[in-house]
Amino acid sequence: MDKDLEKLSAFYDGELSHNEMQEILKEMHSDEGKRNTFHKFGVISELMQRHSDEQNSKIIHLRNYYKKTNPVITNIATAAATVFLTLIVLYQFDEDRFQVNKETSLQLSSAISSDQAKLQLLNADQNIMEHMIHIMQSNQSNISQQVAQNWIPVGFSVNPKNPNQYSNGRNNLFFHLENKQLGIKQVKYFKANNNWIYLIPLKDGRLLTAYGDIPPSIADQMIQSIYQRN
Amino acid sequence: MGISKGDEMLIAEIKAGNEMAFEAMVLKYRPKLMSVLIGYTKSKDLAEELCQKTFIRVWQKINTFKGESSLFTWVYRIGINLAKNEFASSFSKNSKMTDQLNQDQHDVPEYRSPETELIAAESENKIIQFIQNLDADTKTAFTLREIDGRTYDEIAKIIDCPIGTVRSRIFRARKLILEFINQENIING
């Protein structure tokens with residue numbers, strides 16, 4: 001029985017030969033128990049990938065473990081950890097989706113613009129993705145707390161129609177502030193075509209999300225300034 | 001990242017009209033797709049509906065899949081596009097669903113297992129905790145497979161053991177997790 005299920009597990013991982021695959025497909029077709037088990041493999045896999053942040057630490061431990069046993073392996077494990085920690089995800093903005101005007105056109109769509117980005121998205125933290133999608137879709141300035149005026153970069157002024165949108169005439173910057181941190185301990189940023197999304201955990205436990213066409217080189221100064229004042 | 005060898009074989013079977021292969025593909029990717037769609041729509045019912053439509057579309061369009069991306073990336077794209085259409089239609093009185101799917105063209109297997117897509121948060125934590133407490137050898141092989149997406153051959157090279165050992169360790173992890181899930185009564189069915 002275990003050998004059968006081991007084969008099912010290998011089939012799930014795409015590790016069977018063509019003949020073995022044909023065989024297991026027939027077995028699955030006539031055995032509901034095997035179909036259920038196969039589906040549960042998928043549920044476990046989804047769960048693992050969604051909680052990949054927690055598993056990251058395990059990979060980092062793995063690196064230490066290998067360091068002791070085989071120094072050559074360290075680089076491989078480090079590369080794996082780097083893949084997990086990479087959270088630069090490319091998004092495609094979709095102005096038509098909500099039929100919004102230009103002013104509020106910085107809407108995030110989870111339609112991803114490249115295969116690589118899609119894969120990265122799938123490995124990224126689901127809660128963070130949901131948070132960003134929620135903010136970009138909501139298009140309501142009143143769901144955000146008021147941001148401190150001294151956080152606003154020099155040269156930017158508020159849009160009278162949206163208290164959380166700022167512009168210097170060339171670049172736009174939106175802010176969203178609320179009481180949650182999503183387990184983020186340091187600034188994370190995501191690229192979205194020519195736009196960027198910054199998740200900035202504040203010392204008081206709130207999360208500031210800033211998004212707009214402000215590259216990290218400029219945003220870095222803003223973030224430093226926010227940390228000095230918060 | 002292109003298509004894996006396993007998915008390549010599965011796709012070839014589906015293209016040849018093998019419904020058992022299609023069924024296996026649905027079983028394999030449905031949990032991940034449901035997770036993405038629930039995250040996107042914030043509605044389990046809508047996600048269910050879109051998931052069903054996605055797999056119908058996958059069946060209809062399978063011959064257009066060129067293997068330039070992974071199979072799930074392709075499925076994901078179809079699902080998200082359908083979700084976008086759904087959003088667009090709800091935001092416009094005059095809009096209409098652009099995806100007129102004939103559901104009779106292919107009967108997508110329906111599994112009475114939506115609960116498996118929505119394991120309660122505390123149960124998820126229990127499972128993750130259980131995985132973290134697996135013995136080092138089992139956990140290492142399983143994590144390299146599930147999180148890092150390594151093939152058995154790659155894992156065998158990394159941990160310096162035969163492929164058969166990798167295969168049995170990965171299965172052992174799944175078996176132990178399933179036993180834990182059953183014992184804790186986390187997933188029914």
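All of the numbers you see were taken from the coordinates with simple rules; none came from a lab. Quick caveat, the model's predicted, so the values are computed rather than measured. For neighbour counting, all protein chains shown are included, and Cβ atoms are generated from backbone atoms with ideal geometry for every residue, glycine included.
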- For B:Lys5, net neighbour charge (Lys/Arg +1, Asp/Glu -1) across residues whose Cβ lies under 15 Å away: -4
- Note on the structure: Note: B:59-70 gets an average of partner chain Cβ contacts (10 Å, Cβ to Cβ) equal to 1
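Using the structure shown, select from B:Lys28/B:Lys53; B:Lys5/B:Lys157; A:Lys185/B:Lys157; A:Lys34/B:Lys53 the pairs with a Cα to Cα distance greater than 23 angstrom.
A:Lys185/B:Lys157; A:Lys34/B:Lys53
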- Residues of A:21-29, mean number of Cβ from any other protein chain within 10 Å of their own Cβ, rounded to a whole number? 4
- Please average, across the residues of B:164-177, the number of beta carbons from any other chain that are within 10 Å of each residue's own beta carbon, and give a whole number. 4
- Item | Total formal charge among the other residues, if their Cβ is under 11 angstrom from that of B:Glu184, Lys/Arg +1 and Asp/Glu -1 | -1
- Under a Cβ-Cβ cut-off of 10 Å, what is the net charge of the residues other than B:Asp137 that fall near it, where Lys and Arg count +1 and Asp and Glu count -1? +2
- Zone residues, segment B:150-184, relative to A:Asp31, backbone N less than 16 Å from point 7 Å out along Cα-to-Cβ: B:171-172, B:175
- Return the whole-Å distance between the Cα centroid of segment A:1-17 and the Cα centroid of segment B:1-62. 20 Å
- Note on the structure: Computed D for segment B:5-89, Stokes-Einstein, Kirkwood radius over alpha-carbon pairs, 37 °C, 0.692 mPa s, to the nearest µm² per second, is 253 µm²/s
